Amino acid sequence: MNTLLTALVDWSRLQFALTAMCHWIFVPLTLGLGVMIAIMETIYVRTGNDFWKRTVKFWMRIFGVNFAFGVATGLILEFQFGTNWSNYSWFVGDIFGAPLAIEGILAFFMEATFIAVMFFGWNKVSKKFHLLSTWLVALSVNLSALWILVANAWMQYPAGMYFNPDTARNEMIDFWAVIFSPVAINKFTHTVLSGFTLAAVFVVGVSAWFLLKKREVAFAMKSTKLAAIFGLVSAILLAITGDGSAVQVAQKQPMKLAAMEGLYEGGNGVKISAIGILKPGKQPLDGKDAMLFDISIPKGLSFLAYGDLNAYVAGIDDIIKGDYHYIDRKGEKKQGIPMTERMERGRLAIDALKSYQDAKERSNAAAMQEAKVILEENFDHFGYGYLKNPKEAVPPVPLTFYTFHIMILLGGFFIILLLLSWWWSRGGSLEKRRWFLHLSLWSIALAYIASQCGWIVAEVGRQPWTIQDLLPVSAAVSGVKAGTVQTTFFIFLTMFIVLLIAEVGIMLRQIKKGPESSQ
């Protein structure tokens, strides 16, 4: 890429990353907290105990703050597809836009309708209708996540589509293949469960603050117990779906798996790194060791990826050479092809598309058909035609490796934290363990770090692709000046800092205020 294009791509990626990460600060808490609020209100309706009404209304205020800021940042995020990534929007807008449209029509309108009843319907509607509204808000928030994650999963594994050379656009031919692709199902369950776990750690941490201050002890103990049970189940299921994610990545995005493990040279019975430090300056195909320090589990990666201790796992160098297998977008197992050959076939596909369009202008049906055959034979390699060097297909290994391992280690930590929270709250001794209460409070920050790491692994790990194998970021950007994107980046940065400060400030005031009396 030339210098101007490189700057444009880098600033566009940085701006989108800023917006996405800021948006994801607010979303996961609403996913889990909405469900916990609904559970708490169910207890209130069944028991008639006003204690639970106070508890619901407190956590509802926290939910409302995050919901409002999440909507604001989400709108900005969606607009950027048109402003910064117009080539991407043209190339796949017919498919990518469908889940986003469903999300707006179905989930968002459901949220907008029933959230008013949830917040302002106390004593105006019956208890059961109010409870129904709360459950529908919790459901709609997670349905909203479903359609967003379906769209994202399609970018990772573009199934159920056909490329139309007449319009140079991808068109959906199988809606159900898009919705129910194994990547979409696993991404939704794993991401939502991560939100549930974060929300549980958040509730436990805030409750720990009340116990440290010796305020609202009964409220804090019962909130902790409910959140710990909810979070423990979620965290265990999160680990299980994480294993499912590894299987999907190994089959469909082997380069991402190799980057996640810092694996350059693969083989049979490959170990998995539990804790490691990458050797600085390591490059693909340089023949040097990848790890400076490593504590690993023998044959662990082979088992994690394929359920076989002796299974073959390809490394980065192997994938560049073509020594691997993968599942293509039609669900067929394919032998890997050397990266240089994929680049050549990608250029064939790009040239064939140009030839097809030129022949169409001349009304030359025979030339159109000839070009179309070449395009279809090589379309799976289309995106590689934009690469100048095989190494461009390798994602940033250090960032992917470290964020993946931080996420995994923190996931294990949360299981222990939530298990102890439940056990000690059950036994009534939690408030006496001040060291653990301090740990629980600080774990809120760790939960957000783990959540952000998960998205970094998912998105950075598939670079340089916006659409896996079909469209690299260099071909997806809008035709704007890098300086324009740079200027708007700093505008967004300032705005998001202000929003974040406001959100944290409002939440802290609400937490310090504590639960109000039932009305």
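The values are calculated or read from the model by the stated rules, or taken from the named source; none is laboratory data. This structure is a prediction, so every number in the text was calculated from the model and none was measured. Here Cβ is always computed from backbone atoms with ideal geometry, including for glycine, and neighbour counts include all displayed protein chains. Keep in mind that these areas ignore ligands, DNA and RNA; they rest on the heavy atoms of the full protein, side chains included. Shrake-Rupley method; radii C 1.70, N 1.55, O 1.52, S 1.80 Å.
Against the condition surrounded by 15 or more Cβ atoms within 10 Å (Cβ to Cβ) and of a type in the set (Val, Ile, Thr), how does Val480 come out, does it pass? Break it down stepwise before answering.
Numbers: surrounded by 15 or more Cβ atoms within 10 Å (Cβ to Cβ): yes; of a type in the set (Val, Ile, Thr): yes.
It is true that Val480 is surrounded by 15 or more Cβ atoms within 10 Å (Cβ to Cβ) and of a type in the set (Val, Ile, Thr).
Checking Glu261 against (1) closer than 26 Å to Pro28 by Cβ; (2) charged (D, E, K, R); (3) open to solvent by 60 Å² or more (accessible area, probe 1.4 Å); (4) in contact with a strand residue (DSSP E or B) (Cβ under 7 Å, 6 or more places away or on another chain), which test does it fail?
Tallying (1) closer than 26 Å to Pro28 by Cβ; (2) charged (D, E, K, R); (3) open to solvent by 60 Å² or more (accessible area, probe 1.4 Å); (4) in contact with a strand residue (DSSP E or B) (Cβ under 7 Å, 6 or more places away or on another chain), Glu261 fails exactly one: (3).
So, Ala305, is that one open to solvent by less than 20 Å² (accessible area, probe 1.4 Å), of a type outside the set (D, E, K, R) and modelled with pLDDT of 90 or more or not? Please lay out each step first, then the result.
Numbers: open to solvent by less than 20 Å² (accessible area, probe 1.4 Å): yes; of a type outside the set (D, E, K, R): yes; modelled with pLDDT of 90 or more: no.
Criteria not met by Ala305.
Can you work out which of the residues in the range 138-176 that are open to solvent by 30 Å² or more (accessible area, probe 1.4 Å) and of a type in the set (Ser, Thr, Tyr) is farthest from the chain's Cα centre (by Cα)?
If we take residues in the range 138-176 being open to solvent by 30 Å² or more (accessible area, probe 1.4 Å) and of a type in the set (Ser, Thr, Tyr), then Thr167 is farthest from the chain's Cα centre (by Cα).
If you go through the range 6-14 one residue at a time, do you hit one that is part of a helix (DSSP H, G or I), over 19 Å from Ala482 (Cβ atoms) and open to solvent by 40 Å² or more (accessible area, probe 1.4 Å)?
Kept after step one, since they are part of a helix (DSSP H, G or I), are these residues of the range 6-14: 6-14.
Those still in the list that are over 19 Å from Ala482 (Cβ atoms) too: none.
So far as the range 6-14 goes, no, none of its residues is part of a helix (DSSP H, G or I), over 19 Å from Ala482 (Cβ atoms) and open to solvent by 40 Å² or more (accessible area, probe 1.4 Å).
If you scan the range 242-300, which residues turn out to be farther than 21 Å from Pro390 by Cβ and hydroxyl-bearing (Ser, Thr, Tyr)?
If the condition is that a residue be farther than 21 Å from Pro390 by Cβ and hydroxyl-bearing (Ser, Thr, Tyr), then Ser245, Ser273, Ser296 are the ones that fit.
Would you be able to tell me the number of residues in the range 277-298 that are crowded, with 17+ Cβ neighbours inside 10 Å and closer than 20 Å to Ser245 by Cβ?
Of the residues in the range 277-298, 0 are crowded, with 17+ Cβ neighbours inside 10 Å and closer than 20 Å to Ser245 by Cβ.
Could you identify the single residue in Leu441, Leu470, Leu493, Leu437 that is more than 30 Å from Gly385 (Cβ to Cβ), modelled with pLDDT of 90 or more and surrounded by 19 or more Cβ atoms within 10 Å (Cβ to Cβ)? Reasoning before the result, please.
Details: Leu441 fails: surrounded by 19 or more Cβ atoms within 10 Å (Cβ to Cβ); Leu470 fails: more than 30 Å from Gly385 (Cβ to Cβ); Leu493 fails: surrounded by 19 or more Cβ atoms within 10 Å (Cβ to Cβ).
Within the list Leu441, Leu470, Leu493, Leu437, the selection yields Leu437.
Scan (1) under 30 Å from Ala208 (Cα atoms); (2) outside any helix (DSSP H, G or I) for the single condition Ala502 breaks and write down its number.
(2)
Can you give me the number of residues within the range 281-310 that are farther than 26 Å from Thr340 by Cα and not in a helix (DSSP H, G or I)?
13
Kindly evaluate Gly82 against the criterion of being in a helix (DSSP H, G or I) and open to solvent by less than 40 Å² (accessible area, probe 1.4 Å). Before the answer, list the steps.
Working: in a helix (DSSP H, G or I): yes; open to solvent by less than 40 Å² (accessible area, probe 1.4 Å): no.
Here the answer is no, as Gly82 does not meet what is asked.
Limited to the range 319-333, what total is found for residues that are open to solvent by less than 70 Å² (accessible area, probe 1.4 Å) and closer than 12 Å to Gln251 by Cα?
Within the range 319-333, the first condition is being open to solvent by less than 70 Å² (accessible area, probe 1.4 Å), and the residues that meet it are 319-320, 322, 324, 326-329, 331.
Subset that is closer than 12 Å to Gln251 by Cα: 324, 326-329, 331.
Residues in the range 319-333 being open to solvent by less than 70 Å² (accessible area, probe 1.4 Å) and closer than 12 Å to Gln251 by Cα: 6 in total.
Just checking, which of Gly97, Gly104 is open to solvent by less than 60 Å² (accessible area, probe 1.4 Å), modelled with pLDDT of 80 or more and in the same structural domain as Tyr162 (by TED's automatic domain parsing)? Step through it out loud before you land on a result.
Numbers: Gly104 fails: modelled with pLDDT of 80 or more.
When all the criteria are applied, what remains is Gly97.
Residue under question is Phe489, and the condition is that it be under 30 Å from Ile95 (Cβ atoms), in a helix (DSSP H, G or I) and of a type outside the set (Asp, Glu); does it hold?
Details: under 30 Å from Ile95 (Cβ atoms): yes; in a helix (DSSP H, G or I): yes; of a type outside the set (Asp, Glu): yes.
Judged against the criteria, Phe489 is a match.
Scanning for something part of a helix (DSSP H, G or I) and within 23 Å of the chain's Cα centre (by Cα), does the range 374-387 turn up at least one residue?
Here is the first cut: in the range 374-387, the ones part of a helix (DSSP H, G or I) are 374-386.
From what is left, the residues that are within 23 Å of the chain's Cα centre (by Cα) are 383.
Yes, the range 374-387 contains at least one residue that is part of a helix (DSSP H, G or I) and within 23 Å of the chain's Cα centre (by Cα).
Inside the range 118-226, counting only helices (runs of 4 or more DSSP H) that do not spill past its ends, which hold 3 or more residues that are assigned by TED's automatic domain parsing to the domain that holds Ala246 and without any contact (Cβ under 8 Å) to a residue 24 or more places away in the chain?
127-156
Would it be correct to say that Gly412 is part of a helix (DSSP H, G or I), out of contact with any helix residue (DSSP H, G or I) (no Cβ under 7 Å at 6 or more places or on another chain) and among the small types (Gly, Ala, Ser)? Full working, then the answer.
Working: part of a helix (DSSP H, G or I): yes; out of contact with any helix residue (DSSP H, G or I) (no Cβ under 7 Å at 6 or more places or on another chain): yes; among the small types (Gly, Ala, Ser): yes.
Answer is yes for this residue.
Restrict the check to the range 365-372 and report whether at least one residue is in contact with a helix residue (DSSP H, G or I) (Cβ under 6 Å, 6 or more places away or on another chain), among the small types (Gly, Ala, Ser) and either within 30 Å of Asp289 (Cα to Cα) or buried (at least 19 other Cβ atoms within 10 Å of the Cβ) (or both).
So the first thing to find is which residues in the range 365-372 are in contact with a helix residue (DSSP H, G or I) (Cβ under 6 Å, 6 or more places away or on another chain), and the list is 367-368, 371-372.
If we keep only those that are among the small types (Gly, Ala, Ser) too, we end up with 367, 371.
Add one more test, that the residue is either within 30 Å of Asp289 (Cα to Cα) or buried (at least 19 other Cβ atoms within 10 Å of the Cβ) (or both), and what stays is 371.
Yes, the range 365-372 contains a residue that is in contact with a helix residue (DSSP H, G or I) (Cβ under 6 Å, 6 or more places away or on another chain), among the small types (Gly, Ala, Ser) and either within 30 Å of Asp289 (Cα to Cα) or buried (at least 19 other Cβ atoms within 10 Å of the Cβ) (or both).
Taking the condition within 21 Å of Val27 (Cβ to Cβ) and open to solvent by 50 Å² or more (accessible area, probe 1.4 Å), does Val233 pass?
On the way: within 21 Å of Val27 (Cβ to Cβ): yes; open to solvent by 50 Å² or more (accessible area, probe 1.4 Å): yes.
Criteria met by Val233.
Considering Phe58, Phe26, which residue is part of a helix (DSSP H, G or I), within 26 Å of the chain's Cα centre (by Cα) and in the same structural domain as Val504 (by TED's automatic domain parsing)?
Criteria check complete, one pass: Phe26.
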